[in-house]
Each structure stands twice: as C-alpha cells, then as structure tokens.
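> Supplied in structure tokens, the structure appears directly below.
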Amino acid sequence: MKSTKALFLMAVLIGAVIGAGCLGSTNASTPTKGKSFEGQTLTVCSGAGMIKPMNELIKMFENETGAKVAVQYGGSSDIFGVLQTTCGCDVFIPGAWYYMEQAMKNGYILNGTVANLTYHIPVIAVPAGNPKGIHSLKDLTKPGVRVVLGDPKACAIGKVTKKILEKDGLWDKVKPNVVTFAPTVNQLLIYITTGQADAAIIWEDMVTWAQSKGKIEVVQIPPNENLIKTIPTAVTTCAEKDGHLKVAEAFNAFIANHTEVWEEWGFKPWKG
C-alpha cells in the first residue's frame, strides 16, 4: 500500500514538473509583436511652410511604427532639386502642385500614390496695427510701402504671388516697392513680425504660428483675385530603388489621414 502511495506521489510530482516545463516553453516561444516598421528609415522632402504640422506628424508616425524619419525642409524649388539631382527623397511634399507635376513629368513619382493634403491659401500679411493701411493688392503699389515677396524661382509662395499679381495687372507696379525676394515663406514672416517690411504675401495657415500671434494682421485676397493652391504628397521612385517603398507608402497615407493635425495648424484639409 505504501508502495502504491509512493508511486502515486512520484507520478504527481513528475506531472507537475513536466507541466511547468511545458508552460515555461510556451511562454518563451510566444513572439513579441513589434512595431510595424521598427528599425526602418525614410527621408521626407517637405516645403518649409509645412514645418509645424510635419514635425508633429513625423513624431506621431515614429512613435506608432518604430520607423525613423529624416526630413529636409526648404523652398519647393530646393527640395525638387534634391529629388532631381540626388534622388534623396522617399516622400515628396512641395508647397504647390506645379512642383509635383514637374516631378511626375520627369518620372520621379509613383503616380498612384499622389494625394492632395490641404488647400494653400495666399493672404496679405501686415504688421500689427496695419500702419500703412494695406487693405488690398492694389495698396501694395502705394509709394513708400515696403513689400517682401517670395522668390518666384525658389518657393511655391513666390511663384503663386507672381501669378496673382500678373493676373491682376499689378506685378510691374508692385516690383518697385519690393525690398527683397525671400527664398522661403518662413523668412517672409520674419520680415513682417520684426517690422522690417510693411506687407508680404504668405500662406494663411502661418497665422497660427506662435511667432505670428499678436504681431501680424491678415488681409484676405478676394477669391476672384486669388489663386488658391493645394499641397500634394507622393512616394517617389527613389523609395522603390532604395528599399523604402512600404514605409514610405505608410507615411504618405498617414499624413493624408491625420487631417486633425493639419487643422490644428490652420490648414484647410483637401475635400476634393
């Protein structure tokens, strides 16, 4: 009887040990699910006017996916040059459709990935108090008004501004008042907030920037005089060549879907 009990106890102990071993091996072999693009990288080329929302979106994407995003900001012409000469962009986000169109024509873009993100609306910016009484595009031609404009050869706002003024027959009349042509829209904002100029044409969304608050006023340009543009995004053929296609596609979709971030920074999401 004692022998039977001993054998029973031994069987229980062996079973417990085996069971514990099985449980241990099950836990050890359970894979830990990592982030979708952990350890992967991509390079984004973005117009300088999108620096605020893009910085926020990049952080969100990195935290969610584990990817690392390098970003190069600049005038739309500058970042197009990077794409053209070094194939240094996996995702291309210029400040105007014109540059996306040029990239598509030259075969730098995967056309099926092109999407409009937001509207880009030009407005007249003046220092707080509007000391020179600027209320229209025509007022930019008044004697003694110091105007700063984007360089038409360097940035999207410069190209659009020239077209607006030409359309309204004002380009040659405003040019004598232009004290400088800036390579990025960000620099135009600095001229106005520091009192170095009396008027500039910038993007409406920049009014939300902290450095703008209380320092500038905005004069709307009537729709019939204005040229409202869109900000597009697309994955480049470079992403396909350097093995970053999937993460680039994910980022491209991510920034298009998070419309709340664009709205937070004063952009009007594309509704087309």
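> What is the percent of Cα-Cα separations in the chain that go past 36 Å?
Details: 11453 of 36856 pairs.
That fraction is 31 percent.
> Expressed in nm to one decimal, what extension gain is obtained for the pair Lys138 and Val218 from 0.36 nm per residue of sequence separation less their Cα-Cα distance?
Values: separation 80, 0.36 × 80 = 28.80 nm, distance 1.52 nm.
Additional length available on full extension: 27.3 nm.
> Ordered by residue, what ³J(HN,Hα) values in Hz, to whole numbers, does segment 77-82 give under the Karplus form 6.51 cos²θ - 1.76 cosθ + 1.60, where θ = phi - 60° and Gly and Pro are x?
So the Karplus estimates, Gly and Pro as x, are 5, 5, 6, 5, x, 4 Hz.
> Also: Could you check what % of the DSSP bridge pairs in segment 122-219 are antiparallel, to the nearest 5? Can you show the working numbers first?
On the way: 8 of 14 bridges.
Among the beta bridges of segment 122-219, antiparallel pairing accounts for roughly 55 percent.
> Using only Cα atoms and rounding to the nearest 10 degrees, what angle (0 to 90) does helix 2-29 make with the longest principal axis of the chain?
With both axes taken from Cα atoms, the answer is about 20 degrees.
> Treating the beta-carbon of each Lys and Arg as +1 and of each Asp and Glu as -1, no other charges, what is the dipole magnitude of segment 122-219 about its Cα centre, to the nearest 20 debye? Display every interim value, and only then the final one.
Details: 13 positive and 9 negative charges, 38 e Å.
Roughly 180 debye for segment 122-219.
> Straight-line reach from Lys173: which aspartates and glutamates have a Cα under 13 Å away, not including same-chain ones fewer than 8 places off?
Excluding near neighbours in sequence, the set is Asp139.
> Please compute the Kirkwood hydrodynamic radius over segment 122-219, one decimal place, Å, based on all pairs of different Cα atoms.
Values: mean 1/r = 0.0774 Å⁻¹.
Answer for segment 122-219: a Kirkwood hydrodynamic radius of 12.9 Å.
> So if each residue of separation counts as 0.36 nm, and I subtract the Cα-Cα distance between Ile228 and Lys68, what length gain in nm does that give? Walk me through the numbers before you get to the answer.
Details: separation 160, 0.36 × 160 = 57.60 nm, distance 3.33 nm.
Result for the pair: 54.3 nm of gain on full extension.
> How big is the gap, in Å, between the Cα center of segment 161-239 and the Cα center of segment 96-158?
So the separation of the two Cα centres works out to 5 Å.
> Could you tell me the calculated FRET efficiency between Lys241 and Thr208, based on Cβ-Cβ distance and R0 = 35 angstrom, to the nearest 0.05? Present the calculation step by step, with values, prior to reporting the outcome.
Values: r = 37 Å, r/R0 = 1.06.
For R0 = 35 Å, the calculated efficiency reads 0.40.
> With labels modelled as points extended 7 Å from the Cα through the Cβ direction, what inter-label distance (nm, one decimal) is found for Lys271 paired with Asn111?
2.9
> Of Lys105/Lys138; Lys59/Lys132; Lys213/Lys271; Lys162/Lys241; Lys159/Lys213; Lys35/Lys213, which pairs sit farther than 30 Å apart, going by alpha carbon to alpha carbon?
On the way: Lys105/Lys138 36 Å; Lys59/Lys132 41 Å; Lys213/Lys271 28 Å; Lys162/Lys241 36 Å; Lys159/Lys213 26 Å; Lys35/Lys213 38 Å.
Checking Cα-Cα distances, Lys105/Lys138; Lys59/Lys132; Lys162/Lys241; Lys35/Lys213 exceed 30 Å.
> By per-residue mean of other Cβ atoms within 10 Å, what is the highest-first order of 36-42, 196-202, 223-229, 119-125? Write out the running numbers ahead of the final one.
Details: 36-42: 16.1, 196-202: 24.4, 223-229: 14.4, 119-125: 22.6.
For the peptides 36-42, 196-202, 223-229, 119-125, the packing ranking is 196-202, 119-125, 36-42, 223-229.
> Which FRET efficiency value, to the nearest 0.05, is calculated for Val179 and Cys87 with the Förster distance at 45 angstrom and r the Cβ-Cβ distance? Please list the in-between numbers first.
Working: r = 37 Å, r/R0 = 0.83.
Once rounded, the FRET efficiency stands at 0.75.
> Then there is this: Checking the cross-link filter: which aspartates and glutamates have an alpha carbon closer than 20 Å to that of Lys229, excluding same-chain neighbours under 8 positions apart?
Asp78, Glu101, Asp151, Glu166, Asp168, Glu204, Asp205, Glu260, Glu263, Glu264
Quick note: the coordinates plus some simple rules give every number you see, no bench work behind them. Because the structure is predicted, anything quoted here is derived from the model rather than measured. Note that each Cβ is placed from the backbone with ideal geometry, even for glycine, and that neighbours are counted across all protein chains shown.
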